[in-house]
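Down below is the structure, laid out as structure tokens.
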Amino acid sequence: MLKIDVIRNYLKQPVDNTSLIIFRMAFGFLIAVESFGAIMTGWVKRVFIEPEFTFTFIGFEWLQPLPGPGMYFYYGLMGIAGLAVMAGFYYRYSMGLFTLLWWGTYLMQKTSYNNHYYLLVLLCFLMLLVPAHRNASLDVRQQRVAPAMTCPRWCREIFKWQLLIVFTYAALAKFYPGWLQGDFISYSFSAKSGYPLIGDLLQKEWLQQLVVYGGIAYDLFIIPVMYGPRTRKTGLVVSVVFHLFNSVVFGIGIFPYLMLASMVLFFPVASWRTKIPGYRVLSKEQNEANISKSPRRRESWLLAALAIYFLWQLWLPVRHYFIPGDVFKTEEGHRMAWRMMLRAKYGRVHYEVVDKNTGKSWVVLPREFLSQKQAFKLGGRPDMIWQFSQYLGRKYAEEGKTELKIYARAECSLNGGPMTPLIDPEVDLLTVKWNRFGHNEWVVMECECE
């Protein structure tokens, strides 16, 4: 019990909040860029407006894109909320609004799922908990909150712990033959040979090996390096090179820049206070007086809840070890596990629909109903194959065809390897349920991922 008290007191200890204020500004700017950029690049149109059918997370089928131009307004509102976060304008409300809307758009579609979108959900949740608006904000200027120059230590540490979990699990996931032998990198870089200036360089074996082993080393050691006072500057330089390379080569949106912005949380930047527009420098007495006005009674309960949260974060990435089958093949336990940029999957799938009353059957090609990207993703993901079969069942039921059987003929390739069966072709997908927490027996378990 004494050790718990020591830890609790350590986490409650007041520390300089300058880095948290800077991170809030960068975070708000980047989520605004993400939101407005999704509109301007046509991403919202391609993902939400054009498709006839949207792959939601299973269990959230009720969460559908808004009709007409609704999703443009949806993302526009997220962009405005991001700018409000950056300015610290009604911070709790604007951060809460963005969190709710981003969580909605995350659950609303998974064709474009990536771990970075999931990470943004978690960072938004953490940002809601911290007083990142207690200085250099419109909330302070308009006297909605009293200014402060400190915050409890946990307000900075929770972001570091989250990143430690992300990068550590990302590194450990790379210890499999498909990554270590360079299969994924070689396969991925071969499609980028036409890139200006760097296309030919990406085909060099030495560079691919550098990416393979450098990626593991970076993910495994970057957070411990950033914790070290003598090594964090080197870590920052390496991070700039690493994330800019990823941004150029893989085109992964704001994630590289969000990670670079988070580096400020590791540095003592109190001397930057005077360079931050609107930052109010207080005397020690003024700061303590303002801090004392903040409600602190629930802080211990919040720390207990955060302990449970981080235990859950430690569990999710390893849950696939308790599910039969190879996660590379079945995808069961793949999402929310920081299995980032590990494999490239290509699949082929078509459906055989059988009318039980007449015995007649016909073939359905997903491309007849789905966008090109949806059809491509569908081929290697059993849950999406199952979801689309349910969609077909509902669609034909609306036409009066209610007595049907639907079979999927699916096979996929991992990292350019041979095509192997993915779904049991003898199972009527309309008669099975999706098991969220275990293995689905009709999904082929074996995977040739050597």
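Residues GLY194, GLY178, GLY96: which one is farther than 30 Å from PRO51 by Cα and over 15 Å from the mean Cα position of the chain (by Cα)?
Unique residue meeting the criteria: GLY178.
Condition check ((1) modelled with pLDDT of 95 or more; (2) surrounded by fewer than 16 Cβ atoms within 10 Å (Cβ to Cβ); (3) basic (Lys, Arg); (4) not in a helix (DSSP H, G or I)) across all residues:
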| position | (1), (2), (3), (4) |
| --- | --- |
| ILE21 | yes, no, no, no |
| GLY28 | yes, no, no, no |
| ALA32 | yes, no, no, no |
| LEU66 | yes, yes, no, yes |
| TYR74 | yes, no, no, no |
| LEU77 | yes, yes, no, no |
Verdict on LEU122 being under 18 Å from ARG92 (Cα atoms) and within 20 Å of the chain's Cα centre (by Cα): yes
Count - residues of region 54-84 that are over 28 Å from PHE27 (Cα atoms) and of a type outside the set (A, V, I, L, M, F, W, C): 5
Any pair with Cβ under 6 angstrom, 6 or more apart, that starts in region 212-241 at a residue that is over 27 Å from PRO177 (Cβ atoms) and ends at one that is surrounded by 13 or more Cβ atoms within 10 Å (Cβ to Cβ) and of a type in the set (Ser, Thr, Tyr): VAL225/THR231
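Can you tell me which residues in region 420-450 are among the charged types (D, E, K, R) and without any contact (Cβ under 8 Å) to a residue 24 or more places away in the chain?
Initially, region 420-450 is screened for residues among the charged types (D, E, K, R), giving 424, 426, 428, 433, 436, 441, 446, 448, 450.
Residues satisfying the conditions are ASP424, GLU426, ASP428, LYS433, GLU441.
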Condition broken by MET40, with the remaining ones in (1) of a type outside the set (Lys, Arg); (2) surrounded by 15 or more Cβ atoms within 10 Å (Cβ to Cβ); (3) closer than 25 Å to LEU100 by Cβ satisfied: (2)
Flag for LYS433 being part of a loop (DSSP other than H, G, I, E, B) and either modelled with pLDDT of 95 or more or within 32 Å of the chain's Cα centre (by Cα) (or both): yes
Elements of type helices (runs of 4 or more DSSP H) contained in region 238-355, each with 2 or more residues being at pLDDT below 95 and in the same structural domain as GLY178 (by TED's automatic domain parsing): 284-292
Top-ranked residue of region 356-396 - restricted to ones that are exposed (fewer than 13 other Cβ atoms within 10 Å of the Cβ) and part of a helix (DSSP H, G or I), ranked as nearest to the chain's Cα centre (by Cα): GLN372
Of the criteria (1) hydroxyl-bearing (Ser, Thr, Tyr); (2) within 20 Å of GLY28 (Cα to Cα); (3) crowded, with 21+ Cβ neighbours inside 10 Å, which one TYR106 fails: (3)
Region 227-252: number of residues that are at negative phi and within 22 Å of the chain's Cα centre (by Cα): 13
Odd one out for LEU100 among (1) more than 24 Å from ILE21 (Cβ to Cβ); (2) surrounded by fewer than 15 Cβ atoms within 10 Å (Cβ to Cβ); (3) at pLDDT 95 or above: (1)
Count of region 182-201 residues which are closer than 22 Å to TYR346 by Cα and free of Cβ contacts under 8 Å to residues at least 12 places away in the same chain: 3
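For region 405-419: of the residues being without any contact (Cβ under 8 Å) to a residue 60 or more places away in the chain and not aliphatic (A, V, I, L, M), which is farthest from LEU429 (Cα to Cα)?
First pass over region 405-419, keeping only residues without any contact (Cβ under 8 Å) to a residue 60 or more places away in the chain: 405-408, 418.
Going one step further and asking which of them are not aliphatic (A, V, I, L, M), we end up with 405, 407, 418.
Values: LYS405: 7, TYR407: 6, PRO418: 25 Å.
Ranking the qualifying residues of region 405-419, first place goes to PRO418.
Please work out which residue is farthest from HIS243 (Cα to Cα), limiting yourself to region 131-176 and to residues that are charged (D, E, K, R) and assigned to a helix (DSSP H, G or I). Let's see the steps before the verdict.
We begin by selecting, within region 131-176, every residue charged (D, E, K, R); these are 134, 139, 141, 144, 153, 156-157, 160, 174.
Pick out the ones that are also assigned to a helix (DSSP H, G or I) and you get 139, 141, 156-157, 160.
On the way: ASP139: 33, ARG141: 35, ARG156: 22, GLU157: 22, LYS160: 17 Å.
Out of the qualifying residues, it is ARG141.
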Residues satisfying the stated conditions in region 59-85, i.e. closer than 16 Å to VAL47 by Cα, aromatic (Phe, Trp, Tyr) and without any contact (Cβ under 8 Å) to a residue 40 or more places away in the chain: TYR72, PHE73, TYR74
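Specify which of the listed residues (TYR309, TYR346) is closer than 27 Å to GLY182 by Cα and surrounded by fewer than 22 Cβ atoms within 10 Å (Cβ to Cβ). Spell out how you get there, then give the answer.
Details: TYR309 fails: closer than 27 Å to GLY182 by Cα.
Only one candidate qualifies: TYR346.
Residues being over 19 Å from CYS155 (Cα atoms) and polar (S, T, N, Q): count how many of those fall in region 125-143.
Taking region 125-143 as the starting set, the residues that turn out to be over 19 Å from CYS155 (Cα atoms) are 138, 141-143.
When the remaining residues are screened for being polar (S, T, N, Q), the result is 142-143.
Summing the residues that are over 19 Å from CYS155 (Cα atoms) and polar (S, T, N, Q) in region 125-143 gives 2.
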Residue in region 46-58 that is nearest to LEU378 (Cα to Cα), counting only those that are assigned to a helix (DSSP H, G or I) and in contact (Cβ under 8 Å) with a residue 24 or more places away in the chain: VAL47
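The values are calculated or read from the model by the stated rules, or taken from the named source; none is laboratory data. Keep in mind the model is a prediction, meaning the values are calculated, not measured. Note: ideal-geometry Cβ built from the backbone for every residue, glycine included; neighbour counts use all protein chains shown.
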